[in-house]
1. Can you tell me how many residues in the range 74-104 are open to solvent by 10 Å² or more (accessible area, probe 1.4 Å), aliphatic (A, V, I, L, M) and under 22 Å from the mean Cα position of the chain (by Cα)?
2. Take the residues in the range 321-334 that are charged (D, E, K, R) and modelled with pLDDT of 95 or more; name whichever of them is farthest from the ligand (Cβ to nearest atom).
3. Are there any pairs with C-beta distances below 9 angstrom linking a residue in the range 437-466 that is farther than 30 Å from residue 48 by Cβ to a residue that is open to solvent by 30 Å² or more (accessible area, probe 1.4 Å) and among the β-branched types (Val, Ile, Thr), with the two at least 6 apart or on different chains, and if so which?
4. So, in the range 67-80, of the ones that are hydrophobic (A, V, I, L, M, F, W, C) and at pLDDT 95 or above, which residue ends up nearest to residue 29 (Cα to Cα)?
5. Restricting attention to helices (runs of 4 or more DSSP H) lying wholly within the range 220-331, give those where 3 or more residues are closer than 30 Å to residue 1 by Cβ.
6. Test each condition in (1) part of a loop (DSSP other than H, G, I, E, B); (2) aromatic (Phe, Trp, Tyr); (3) over 30 Å from the mean Cα position of the chain (by Cα) for residue 401 and report the one that comes out false.
7. Those residues that are away from the ligand (no atom under 15 Å from the Cβ), surrounded by 21 or more Cβ atoms within 10 Å (Cβ to Cβ) and not in a loop (DSSP other than H, G, I, E, B), I need them from the range 335-349; list them, please.
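The values are calculated or read from the model by the stated rules, or taken from the named source; none is laboratory data. All of these numbers come straight from a predicted model, not from anything done at the bench. When we count neighbours, we look across all protein chains shown, and the Cβ atoms used for this are built from the backbone with ideal geometry, even at glycine. Ligands, DNA and RNA are stripped out before the accessible areas are found, and what is left, the full protein with its side chains, is counted by its heavy atoms. Shrake-Rupley method; radii C 1.70, N 1.55, O 1.52, S 1.80 Å.
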Amino acid sequence: MAKYIFITGGVVSSLGKGISGASIGKLLQLHGFKVNMIKFDPYINVDPGTMNPYQHGEVFVTTDGAESDLDLGTYERFLDVYTSKANTNTAGDIYKTVITKERRGDYDGDTVQVIPHITDEIKKRFAALKDECDISIIEIGGTVGDIEGLPFMEAARQFQLENKAEDILSVHVTLVPYIAGAHELKTKPTQHSVNKLREIGISPDMIICRTEHPLEESLKKKISLFCNVKQNCVVEAMDVSSIYYIPETLYNQKVDTLIMEKLNIKPKSKFDKAWFTKIKSLSDHNKIVKIAVVGKYADLKDAYKSVDESLNIAAAELKAKAEIHYLGAEDKSLLSKLKGYDAILVPGGFGNRGIEGKIKAITYARENKIPFFGICLGMQCSVIEVARNLAKLDDANSTEFDETTKHPVIKILDEQKDVKYRGGTMRLGNYKSEIKKNTLAHDLYKSNEIQERHRHRYEMNPDFVETLEKSGMTVSAYHKKVLPEIVEIRNHPFFIGVQFHPEFGSRPMKAHPIFKGFITAALKNK
Ligand code: GLN
């Protein structure tokens, strides 16, 4: 069975197409289907790895080392699946593939064109997971009408033509704005958006309307009439307090049944309605835990999306609500702002800016016995902190920030050359580490070996391990016995730094062990 659901968006961006698609996927999964999602981003960057988080938010990393859109994190968390390179596509990567083939002479003298060569490559990628799941949900990024999105829409049109009608469903997500002066919800932008889609040759089967107010039946009727969609397929998507409640709001409008009817499929198992109750129970809490995240992008939560989700998920499992504050590492009054938090986290990052602030925050956490969790760059900063302040290695630094430092405790290692990296000099995706017994890491993971996702270029320098261990730091895990993966501090309630990105591994109701341990320690510190 190969069924496809296409998700497109109209009117404005940021309507939550990923969340809508993932919510539909969740409902189908609760009916027993195997579901996965694929993202298509129409920009020319080959991947978002080089993009500024201000423009793009967090870079999510797949287990096989693709640097991808943060929507893949939403797919993983909603569907509890693992994404891979096949789940993430950009116009840049698609053009690169086609141009590489052209240079190799694969097109046999043909003039290489958007139609059919680019669209053929896109269609091939639409079908990439068809043998691995029952239903592929395909999200096309951007908004209908964008010039750069056109080849993707055109490919979707062709795909519809080439497959059976019952194998494909098209969902369009739009905005129904509320005009306060007129006290009215307006359907015109939705009408225009659907017209645009129909001009391209795609007629949506379902419209998901993002709205701040309930959609009256009369409005649904109007949208149905003007947009050529059955009235019961005009779906209201009001803002909710947790994105994980959206599957239930869609279920209450029979979205799952309507989709299964159109795709001519029958549920594979009894619907698992208990998921809704379990998700709701995550909001019950009897305490607040205050976490400070000290990073470069304090005013942009999306830059730390998976960290944010992981903290919330772990707190929810411990019947607490995480109150997360993002503090700018370059803020002059950072130290005074840190007072009153139950725990401090320093996330990943690149570049010099804010490093000294992060190190100060770590000194504060270490000296005042505040639970501390450093992720990737955060771990590297904790190594620098201990080197400078406990081991007294003056000017200890990472060669990322000071190439001539006398004490390069973090650097690009010769040993790295023996480890085959997927991203050139960048360690990307899953790598194994062995954990030492009788360490905090071992207590948390309860395992001798783990696999976690990486995205970094620099490593802790093994030449300094002995000195740092004498000063109170322990390296509690290594990759292939050479590359330090986890550091911790003895005589501290909770101080851990990890070279990898555990935040990509959290799912609702399955908190990541380090995040759970961190929140547990934060609650004890209240
Ligand atoms: N900039 C650091 C490195 O490249 C850390 C990267 C990160 O935090 N993802 O090693």
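1. Of the residues in the range 74-104, 2 are open to solvent by 10 Å² or more (accessible area, probe 1.4 Å), aliphatic (A, V, I, L, M) and under 22 Å from the mean Cα position of the chain (by Cα).
2. 321
3. Once the first residue is farther than 30 Å from residue 48 by Cβ and sits in the range 437-466, its partners that are open to solvent by 30 Å² or more (accessible area, probe 1.4 Å) and among the β-branched types (Val, Ile, Thr) give 462/482.
4. Our first condition is that a residue be hydrophobic (A, V, I, L, M, F, W, C); within the range 67-80, this holds for 70, 72, 78-79.
Narrowing further to those that are at pLDDT 95 or above: 72, 78-79.
Values: 72: 17, 78: 10, 79: 8 Å.
Result: 79.
5. 246-252, 255-262, 274-281
6. (3)
7. Residues satisfying the conditions are 343, 344.
Each row is one residue, and each column tells you yes or no for (1) assigned to a strand (DSSP E or B); (2) not polar (S, T, N, Q).
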{"position": "7", "(1), (2)": "yes, yes"}
{"position": "11", "(1), (2)": "no, yes"}
{"position": "15", "(1), (2)": "no, yes"}
{"position": "20", "(1), (2)": "no, no"}
{"position": "38", "(1), (2)": "yes, yes"}
{"position": "54", "(1), (2)": "no, yes"}
{"position": "73", "(1), (2)": "no, yes"}
